[in-house]
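The values are calculated or read from the model by the stated rules, or taken from the named source; none is laboratory data. Just so it is clear, the model here is predicted, and its values are computed rather than measured. Please note: Cβ atoms are built from the backbone with ideal geometry, for glycine as well, and neighbour counts cover all protein chains shown.
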Amino acid sequence: MPEHQEFQKLAATDEVAPGELKQFELDGRPVGLCNVDGEFYAFEDICTHQFAHLSEGEFDAGAGEVKCPLHGARFDVQSGEAKSLPAVKPLPTHELKVEDGEIYVALNPKQVKVGGRRRR
Ligand code: FES
């Protein structure tokens, strides 16, 4: 396993306008890409609480946060930090670079586990 994932082309910068959040796909993983005042951030587009695509929730570019459409957990799009319950685990964020109007992303090896069995 390579220690660092390779950068792969995700989208063109003009595909996501300031204040927008959209879903793209890379290596079969849903990637949320958002534009906060011209700065781009990419993260796993799966809520760490249960299963929902955050790109279908509310994106607040002013706060730099996205709100899950299912139960309303909020995440910081830059750090991935869970800002409110019911989510507690951070969102995996992806390294990103912009070159010549294209956005390249190195996928975070960490993935959100979906449908994992819970033991109580
Ligand atoms: S699935 Fe996102 S808050 Fe519950």
Looking for something more than 19 Å from residue 79 (Cα to Cα), among the aliphatic types (A, V, I, L, M), surrounded by 13 or more Cβ atoms within 10 Å (Cβ to Cβ) and touching a strand residue (DSSP E or B) at 6+ places or on another chain (Cβ under 8 Å) - is there at least one such residue anywhere in segment 43-53? no
Can you tell which of 34, 47 is among the hydrophobic types (A, V, I, L, M, F, W, C) and touching a residue at least 60 places away in the same chain (Cβ under 8 Å)? 47
Looking at segment 1-102, what strands (runs of 3 or more DSSP E) fall wholly within it and have at least 2 residues that are within 16 Å of the ligand (Cβ to nearest atom)? 21-26, 29-36, 39-44, 58-60, 65-67, 74-76
Pick from segment 89-120 the residues that are among the basic types (Lys, Arg) and at pLDDT 95 or above: which of them is surrounded by the fewest Cβ atoms within 10 Å (Cβ to Cβ)? 97
Checked 62, 28 against criteria (within 17 Å of residue 11 (Cβ to Cβ), surrounded by fewer than 17 Cβ atoms within 10 Å (Cβ to Cβ) and out of contact with any Leu (no Cβ under 9 Å at 6 or more places or on another chain)); the one match is 28
